[in-house]
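Here it is, the structure, as structure tokens.
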Amino acid sequence: MKNANGETFMIREFHTPRTVDAAVALRTELAGKACYLAGGTELGSTAFRTESPQEVISLAQVLSTAISADDGGLLLGAGCTLQTISVSENVPKVLRDAAKLVANRNIRNMATLGGNIASNKTFASMLPALVVFDAQLELADAGGGRSTVGIMTYLGRGGRELILAVRIPKKPGRRASTAKLSKSANDIATLVVAASYVPDNDRVREPRLAVEGVADHVVQLDSIEAWLEGSPLPSRDAITDRVSDVVTPKTSIKGSAEFKTYLAGTMIADALHRAAADTRKVNA
Ligand SMILES: Cc1cc2nc3c(=O)[nH]c(=O)nc-3n(C[C@H](O)[C@H](O)[C@H](O)COP(=O)(O)OP(=O)(O)OC[C@H]3O[C@@H](n4cnc5c(N)ncnc54)[C@H](O)[C@@H]3O)c2cc1C
């Protein structure tokens, strides 16, 4: 097999632990040599994988695939496939929409939520939507403990711990929207955006904005969120200009820096205005 840099490697051992603790212990013991395998759609893809493991630790018998709700919000097992999420009526529409942004049903049938987060790609379809829902990740720590961290914290520190579940905190009235720009429906994204806020009469409260495709990883637009907080929703043009001032994409085969800058602005503006027009209480 080859990794994304063209280097050849061979997987020599395939481990099938039956418990979370056994999986974590194996990963600790095989540090630097092994990685977790969930749906395998990234790890099995020459185009996308960045790891070259000598051993893999299957999560097939370890991860929950359940989706449940309680007073605190929604809990999605990290083993849920993106296809399951895309059709689950218990999941807020915007998270279903985000899952549907992923390539095609064949990929969605295998790709897991945990894998989409952990791979932390700049085109990962679920990440902006999870960020604007303030997703919390339940992790299995190397020492055998469990912890919960915000998704941006996990991604910011390189995200190596085993993700067990994703919690979407309850936020009555939150409105949200997500969108992807790609050259074809099957292509990975040039840009993915998501926006959410809680309407308070005609004011914007607790805005959350996230964009992919303008940096190596998903970016949360904190300064734009601060600008929006407590204001009436600005015009599309005003939002576009503000966002264009703060994103710094690079020119790539997918488009020039100017093209991505402008589109990041218009897509965030559209996402916010689409969210405003959607009167459903998506996360009540
Ligand atoms: C043709 C094709 C098209 C694609 N299109 C898209 C697209 O449109 N949008 C998109 O977002 N992605 C796309 N992908 C990439 C991929 O399908 C997704 O990122 C997918 O969600 C990865 O999940 P997985 O379960 O297959 O991960 P795997 O390939 O099993 O693992 C990916 C990485 O995550 C780690 N990992 C997996 N699960 C966990 C966990 N629970 N805790 C910690 N680490 C974990 C693994 O060690 C590995 O490093 C595409 C892939 C292919 C092959």
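Taken together, the values in this text are just the output of simple stated rules run on the coordinates, not laboratory data. In this text the structure is predicted, and so the values were computed from the model without any measurement. Methodologically, a virtual Cβ is constructed for each residue, glycine included, from the backbone with ideal geometry; neighbour enumeration extends over all protein chains shown.
Hey, rough spin-label estimate for Asp241 and Met1, points 7 angstrom out along Cα→Cβ, what's it come to in nanometres?
5.0
Taking the Cα atoms of the chain, what is the range of coordinates along each of the three principal axes, in descending order and whole Å?
57, 46, 32
Continuing with the same structure: Determine the percent antiparallel among the DSSP beta bridges restricted to the range 1-91, to the nearest 5.
Details: 5 of 12 bridges.
Here the antiparallel bridges make up roughly 40 percent for the range 1-91.
Further question: Can you pull the three principal axis extents for the Cα set of the range 1-64, in Å, largest first?
Sorted largest first, the three principal extents are 34, 23, 15 Å.
Next question. Please determine, in degrees from 0 to 90 and to the nearest 10, the orientation of helix 20-29 with respect to the longest principal axis defined by the Cα atoms of the chain, where the helix direction is its Cα long axis.
Tilt relative to the chain: about 70 degrees.
Mind checking the full-extension length gain between Ser45 and Asn106? Use 0.36 nm per residue of separation minus the Cα-Cα distance, one decimal, nm. Please report the intermediate quantities before stating the final value.
Values: separation 61, 0.36 × 61 = 21.96 nm, distance 1.37 nm.
So the chain would gain 20.6 nm between Ser45 and Asn106.
Here's a follow-up. What list do you get for Lys254, Lys170 if you sort them by fewest beta carbons within 10 Å?
On the way: Lys254 20, Lys170 14.
Ordered by Cβ neighbours within 10 Å, fewest first: Lys170, Lys254.
Evaluate the charge dipole of the chain about its Cα centre and quote only its size in Debye, nearest 20, assuming +1 on the Cβ of each Lys and Arg and -1 on the Cβ of each Asp and Glu. Please report the intermediate quantities before stating the final value.
Numbers: 33 positive and 30 negative charges, 120 e Å.
Charge dipole, the chain, about its Cα centre: 580 debye, nearest 20.
Kindly put Leu75, Leu130 in sequence by how many other C-beta atoms sit within 10 Å of each C-beta, fewest to most. Kindly include the intermediate steps, with their values, before the conclusion.
On the way: Leu75 18, Leu130 28.
Listing Leu75, Leu130 from fewest to most nearby Cβ atoms yields Leu75, Leu130.
Test of understanding: what is the full-extension gain from Asp200 to Asp70, defined as 0.36 nm times their sequence separation minus their Cα-Cα distance?
Stretched fully, the Asp200-Asp70 segment lengthens by 44.3 nm.
Oh, and also: Between Ser184 and Glu258, 0.36 nm times their residue separation minus their Cα-Cα distance comes to what?
Details: separation 74, 0.36 × 74 = 26.64 nm, distance 2.06 nm.
Between Ser184 and Glu258, full extension yields 24.6 nm more.
Here's something else I'd like to know. What angle do you read, to the nearest 10 degrees and between 0 and 90, between the alpha-carbon axis of helix 236-246 and the longest principal axis of the chain?
Once rounded, one gets 50 degrees.
Continuing with the same structure: Straight-line reach from Lys170: which lysines have a Cα under 18 Å away, not including same-chain ones fewer than 8 places off?
Within the straight-line cut-off, Lys170 pairs with Lys93, Lys281.
Further question on the same structure: Where does the chain land at 222 nm, in deg cm²/dmol rounded to the nearest 500, when only DSSP H runs of n ≥ 4 count, each adding -39500 (n - 2.57), divided by all residues?
Numbers: 10 runs with 88 residues, N = 284.
Roughly -8500 deg cm²/dmol at 222 nm, from the helical runs in the chain.
Also: So if R0 is 41 Å, what FRET efficiency would Asp21 and Thr248 give, r being the distance between their Cβ atoms, rounded to the nearest 0.05? Present the calculation step by step, with values, prior to reporting the outcome.
Values: r = 42 Å, r/R0 = 1.03.
Taking R0 as 41 Å, the efficiency between Asp21 and Thr248 is 0.45.
Among Glu138, Glu229, rank each residue by its count of other Cβ atoms within 10 Å, from fewest to most, as a rough exposure measure.
Fewest-to-most ranking of Glu138, Glu229: Glu229, Glu138.
Just the number, please: percent antiparallel of the DSSP beta bridges in the chain, rounded to the nearest 5. Please list the in-between numbers first.
On the way: 40 of 47 bridges.
The antiparallel proportion sits near 85 percent.
Let me check against my output: what whole-number percent is the relative contact order of the chain, with C-alpha pairs under 8 Å and at least 6 apart?
Details: 619 pairs, mean separation 42.7, N = 284.
Computed value for the chain: 15 percent relative contact order.
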